[in-house]
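The values are calculated or read from the model by the stated rules, or taken from the named source; none is laboratory data. As the structure is a prediction and not an experimental result, all values here were calculated from the model. Glycine gets a Cβ as well: all are built from the backbone with ideal geometry, and neighbour counts include every protein chain shown.
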Amino acid sequence: MAPVGRPAPLRALVDTASADHDPVWAGGGVPHAMFRTTFAELLTLTGGRAVAVGA
């Protein structure tokens with residue numbers, strides 16, 4: 001699911017492991033829908049909350 005461009009607000013959780021990567025590539029799951037960003041920008045764009053997803 002794309003992290004931005006939603007018609008209504010959607011709760012977003014951003015894996016803290018993404019902070020280890022620069023750049024971060026986000027998108028809707030297909031190559032032509034990807035965009036380059038940073039962990040901090042992704043949090044801002046989505047209004048998301050950083051959480052540790054994996055162990």
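Per-residue answers, yes or no, for (1) touching a helix residue (DSSP H, G or I) at 6+ places or on another chain (Cβ under 7 Å); (2) touching a residue at least 12 places away in the same chain (Cβ under 8 Å); (3) among the charged types (D, E, K, R):
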position: GLY5; (1), (2), (3): no, no, no
position: VAL14; (1), (2), (3): yes, yes, no
position: SER18; (1), (2), (3): yes, yes, no
position: ASP22; (1), (2), (3): no, yes, yes
position: ALA26; (1), (2), (3): yes, yes, no
position: PHE35; (1), (2), (3): no, no, no
position: LEU43; (1), (2), (3): no, yes, no
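Table: residues versus (1) small (Gly, Ala, Ser); (2) modelled with pLDDT of 85 or more.
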{"site": "VAL4", "(1), (2)": "no, no"}
{"site": "THR16", "(1), (2)": "no, yes"}
{"site": "GLY28", "(1), (2)": "yes, no"}
{"site": "ALA50", "(1), (2)": "yes, yes"}
{"site": "ALA55", "(1), (2)": "yes, no"}
